[in-house]
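For reference, the structure discussed in these notes is given below.
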Amino acid sequence: MRLLALCLVFSLSWALSGQITQENVSFNHGGCTFQATFSKPSTSGKFTTIVLVPGSGQNDRNGQIVLQGGNSQCLYPGLVGDTLRIYQDLAQQLSDSGFAVLRYDEITLSCPNFSGAFNYENVFLPALSALDYLKTRPDVDSNRLILAGHSEGAMLIAAMAKHRNDVQALISIAGARTPFDSLLAQQLVGIARQCNGDTAMAQLQASQVLQYFNLIRSGNYNASTPPFGGVAAAEWHRYINANDSVAINYQLFTKPVLFLGLGNDFNVPPAELQRFQQELGSGADFYSLPGLNHYLTPANNPRVSRSVGDTIVHWLRSKKISLLELPPNTFEVYPNPFQKGLELDYPQSLK
């Protein structure tokens, strides 16, 4: 029974886990020293290592979100007043299952007095330098580096992977196939409708977003074109050229790819996962996790659902991109078949 086998794998992963260690680290990128946290199992060795690439906006390394005010009551009524730490929770789940994880503060948080240019590389691609940093660490297996992107980060990792030969897998978590500006326009109108807001104003804002990026795509911008979100028009042109073809970017990546969709995701609807599946077919693996919102949590619990980490861990081990690969017959399950009690026996070296 596949479900039973999957549960046994998950139980084994948590049973073998121990304490994790976390270390504050930094790496240089584009003239900024990015502040980060590196977590790993407390055991020694070289670990398969995952870089968490965050979603849009300037996120801290923990992915901290305080759900209060604004449209929180409308969109997340069961979480109002809670503080979510989505990247911290996910990193702890993955490290507790045998993986090392790097997560970082984005540029305005790492370098609040940054005097350089907010260009495409500096704002959107610090994970490239994070990979270079990881390859200098003795506790990182440089042959097992993985990029995991959440939301906008899921789009960016596909573009980044085209320029690297050292990334062994990509993990898209709540990633969109729809271009950035179109998705933003949909969100503006959708929130207004769902939360009884000013729909006419939202439609106007959405139209302005689409007009701005149509100008960018056509190349009809100039030095006087205002920035969007603090990023200059010319840099958005580079962004669009790199990321509009996100599905093609994933197709060009010839190593394992996992797509995770979230059943109750308002920001990136489940239809986005279906679009990827229609275009990529058997070239990737697709999982939909029911009952979870865009922040990887259920409706009434601020902690990231363990099903997210479990699914990623199971997939990585199934693709043999993992430190822990059990040889045949290393553990016994008995009695088989069973009705009530189940015993799992494995070697002392794995305890």
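The values are calculated or read from the model by the stated rules, or taken from the named source; none is laboratory data. Note that the structure is a prediction, hence the values are computed from the model and not measured. Cβ coordinates were reconstructed from backbone atoms using ideal geometry, including for glycine residues, and neighbour counts include every protein chain displayed. What goes into the accessible areas is simple: the full protein's heavy atoms, side chains included, and nothing from ligands, DNA or RNA. Shrake-Rupley method; radii C 1.70, N 1.55, O 1.52, S 1.80 Å.
Return the sequence-ordered ³J(HN,Hα) values of the stretch 151-159 in whole Hz as given by the Karplus equation 6.51 cos²θ - 1.76 cosθ + 1.60 applied to θ = phi - 60°, using x for Gly and Pro.
Using θ = phi - 60°, the values come out as 6, 4, x, 5, 6, 5, 5, 5, 6 Hz.
For VAL53, what residues show an amide H to amide H distance below 5 Å, using hydrogens built from the backbone and excluding near sequence neighbours?
Counting only residues 5 or more places away or on other chains, the set is ALA148, GLY149, HIS150.
Can you compute 3J(HN,Hα) from phi for each residue in the stretch 163-176, using the Karplus curve 6.51 cos²θ - 1.76 cosθ + 1.60 with θ = phi - 60°, rounded to whole Hz and x for Gly and Pro?
My calculation for the stretch 163-176 gives 9, 10, 10, 10, 8, 9, 6, 10, 10, 9, 10, 6, x, 10 Hz in order.
Using the alpha carbons of the stretch 254-316, what is the convex hull volume per residue in cubic angstrom, as a whole number?
Each residue corresponds to 79 Å³ of Cα convex hull volume.
So, R0 is 41 Å and r is the distance between the beta-carbons of GLN73 and SER218; what FRET efficiency does that work out to, to 0.05?
The formula returns an efficiency of 0.55 here.
So who's got an amide H within less than 5 Å of the one on HIS294, skipping anything under 5 residues away but keeping other chains? H placed 1.01 Å off N, in plane.
The answer is PHE266, ASN267.
At 1.4 Å probe size, with the rest of the protein present, what percent of the exposed accessible area of the chain is carbon and sulfur atoms?
50 percent
Using a simple spin-label model with points 7 Å from Cα along the Cα→Cβ vector, what separation in nm is obtained for PHE266 and ASN24?
3.5 nm
Extension gain THR83-THR199, at 0.36 nm per residue separation less the Cα-Cα distance, in nm?
Extra length from THR83 to THR199 when fully extended: 38.9 nm.
Between the stretch 145-191 and the stretch 17-83, what is the separation of their alpha carbon centroids in Å?
Each part reduced to its Cα centre gives a spacing of 17 Å.
Where the only charges are on Cβ atoms (+1 Lys, Arg; -1 Asp, Glu), what is the dipole of the chain about its Cα centre, to the nearest 20 debye?
Result for the chain is approximately 440 debye, rounded to the nearest 20.
With a cut-off of 20 Å, note down the residues of the stretch 124-162 whose backbone N falls inside the zone around a label point 7 Å from the Cα of GLU279 toward its beta carbon.
Under cut-off, by backbone N: 147-162.
Classify the stretch 225-289 as rounded, prolate or oblate from the Cα gyration tensor: take a ≥ b ≥ c as the square roots of its eigenvalues, call it rounded if a/c is under 1.5, otherwise prolate when a/b beats b/c and oblate if not.
Oblate is the answer for the stretch 225-289, as a/c is 1.5 or above yet b/c matches or exceeds a/b.
Amide H neighbours of VAL25 under 5 Å, at least 5 residues apart or on other chains, H built in the peptide plane: list them.
ALA36, THR37, PHE38
Mind jotting down the three principal axis lengths of the stretch 163-208 based on Cα atoms? Whole angstrom, largest first.
For the stretch 163-208, the Cα spread along each principal axis is 48, 20, 10 Å.
Pop out the ³J(HN,Hα) list for the stretch 223-233 in order, Karplus 6.51 cos²θ - 1.76 cosθ + 1.60 with θ = phi - 60°, rounded to Hz; leave Gly and Pro as x.
Result, ordered by residue: 4, 8, 5, x, x, 10, x, x, 10, 5, 4 Hz.
Rounded, prolate or oblate: which one fits the stretch 27-72, using the alpha carbon gyration tensor with axes a ≥ b ≥ c (rounded when a/c is under 1.5, else prolate when a/b beats b/c, else oblate)?
The shape class here is oblate.
For LEU210 and SER42 in one chain, what is 0.36 nm times their gap in residues minus the Cα-Cα distance, to one decimal in nm? It would help to have the intermediate numbers written out before the result.
Working: separation 168, 0.36 × 168 = 60.48 nm, distance 4.86 nm.
My answer for the length gained is 55.6 nm.
Given bins 5 angstrom wide, list per bin the percent of all Cα-Cα distances in the stretch 101-246, short to long.
Percent of pairs per bin, in order: 2, 8, 15, 17, 18, 16, 12, 6, 3, 2, 1, 0.
Looking at the chain as a GNM with Cα springs under 10 Å, which of ASN222, ASN249, ASN264 has the largest mean-square fluctuation?
ASN222
If you count only protein heavy atoms with a 1.4 Å probe, what accessible area per residue comes out for the stretch 123-226, rounded to a whole Å²?
Ligands and nucleic acids excluded, the result is 41 Å² per residue.
Quickly estimate the mean residue ellipticity at 222 nm for the chain, helices only: each DSSP H run with n ≥ 4 gives -39500 (n - 2.57), and the total goes over all residues, rounded to 500.
That comes out to -11000 deg cm²/dmol.
Once you have the alpha carbon radius of gyration of the stretch 172-286, what is it after dividing by 2.2 N^0.38 Å, with N set to its residue count?
Normalised by 2.2 N^0.38 Å, the Cα Rg of the stretch 172-286 equals 1.20.
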